[in-house]
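Below is one structure, written out as structure tokens; the observations come after it.
Readers should treat all values here as calculations from the given coordinates under stated rules, not as data from a laboratory. Everything numeric in this text was worked out from a predicted model, so none of it was measured. All Cβ positions, even for glycine, are placed from backbone atoms using ideal geometry, and neighbour counts span all protein chains on display.
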């Protein structure tokens, strides 16, 4: 499984939640305490739940299943697109189109329209049309491209979705739940963890925190795919005599959890030194 350490979480500011007045009481078990009006997330629980989520994602990838990365808020758009492309998965980073999951047939029609317009722009058909008509078609193509580029090759429904900020992506989460599609989500202190199958408690607003979680989930996908490829190679070689230099053996077990301490004492309540920083219109902090 992809390793994530307490140091990485602290440096990314994953432990800083929202203002206490904005909290969701259902997040209580994942909150370590409060400082200067800001909830502090229990990173020991974040480590545990992230490990469970990444194992689930890796197992899906090892079975050649597909995961849809979802993050449409400004801070998440770049990381979602880059990391999904890196692990060759699908993504939505602009606007979630209502019915993307529950009315997928209509979405597939829009995707076909996008592909048709792309073909027209490349095979010379545009040159046979009036400039005004070409301009109209290009505006339509760009609009479809913006919203559908990340799912253009997704045929049918994903096997799971990975979400940054379950509150912001409420419609996506609701559609997935309706279709019994598992949801892996980063949940901040203002979210409802009961709405997702694999909650990962953490700051869902800070750029570094979003990048950290998204990149680690992408790594879980890549590791799962590598495991599947290795198992396929082993099966192909069953029954064939091993060469004299064959040093093959079973795959190594995944590394264990990092044993780093949390940076704050659960009993004593002492925490890391904090400095204030404005983030997205709220008082946020960095280590």
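What the table below lists for this structure:
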{"item": "Fewest-first sequence of 171, 200 by Cβ atoms within 10 Å of each Cβ", "result": "171, 200"}
{"item": "Which of 129, 97 has the fewest Cβ neighbours within 10 Å, and the rest in rising order", "result": "129, 97"}
{"item": "The range 102-156 shape via C-alpha gyration tensor axes, a/c threshold 1.5", "result": "prolate"}
{"item": "By average C-beta atoms within 10 angstrom, highest first, the peptides 152-158, 52-58, 74-80", "result": "52-58, 74-80, 152-158"}
{"item": "Computed E for residue 55/residue 123 - FRET, C-beta separation, R0 45 angstrom, nearest 0.05", "result": "0.45"}
